[in-house]
Amino acid sequence: MYIRNDTHDITMYRIPDDGILERAIRTVVKKEGHIRSQSEMKELVMNELRKDDTDYRTSGERIRKMAIERNILRVEIEYNSRDDRSLPDVCPVCGYPMTAMDNTTLDGQDTKIGRRCTKCPYHTGLKRRTPGRYTFSKGAPTKKGMSAKDRIAMIREAEKLMKKSASMVESAVKGTEHGTRGKNCARSIKKLISSRKESDSLANIIKDIEFSDSEHPEWTQPLVSVKNSNLKDIK
């Protein structure tokens, strides 16, 4: 690939493929152990890449996302707050989907309190937080890249969508010759959500996830990720 600079000279550059970039990131993390910022991470990775080809170029964002996606390191996030009530559907840190964070009120109603990433430590309340600084360090990230709490939250979101689907199917054929079939379909969907007898129901999947995470029962886990005094999320 080519890029034209301000003096109108043409400079050639190459983009490393995923395998080459991953190896460079792993080498850097193994050597350094702790990296204080994304710009430092980019500089170290670029130095490693240029040992193979001086024309290699890549962005700090691509390096960060690959390191998180492939569970290469631990990342800490420092946040900035802004007066914005819109919440992201896609994580601004790693690009994975966001899921709702719910809480139960005293009268038993569910209320949304924000969103959290399904992959990395990023989360935000109803007042949006934006990542301000990253710190990277050697060490295994959260088991399988997602906690039991995050997995259950995703299934809860699926449950809400399935309930809505059941209601839509039933309403769509109500008053027609297909009304009975619509009711049966809605009943099957609801059974798949809540049945205690069906092993593949959402209710039983949630119970199994809770059981497999029994070393750290759900009621002992904080609603949001652990923070230190500098408002960092730690993965």
Could you run the Karplus curve 6.51 cos²θ - 1.76 cosθ + 1.60 with θ = phi - 60° over segment 169-175 and give me ³J(HN,Hα) per residue in whole Hz, x for Gly and Pro?
4, 5, 5, 5, 10, 4, x
Using θ = phi - 60° and the Karplus relation 6.51 cos²θ - 1.76 cosθ + 1.60, list the HN-Hα couplings for segment 112-117 in order, rounded to whole Hz, with x at every Gly or Pro.
7, 10, x, 9, 9, 6
Amide proton proximity set for Met101, modelled H, under 5 Å, gap of 5+
Ile113, Gly114, Arg115, Arg116
Hz values of 3J(HN,Hα) by residue in segment 71-83 - Karplus curve (6.51, -1.76, 1.60), Gly and Pro given as x
6, 7, 8, 9, 10, 10, 10, 9, 10, 10, 9, 9, 7
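Quick note: the coordinates plus some simple rules give every number you see, no bench work behind them. Since this is a predicted model, take the numbers as computed values, not measurements.
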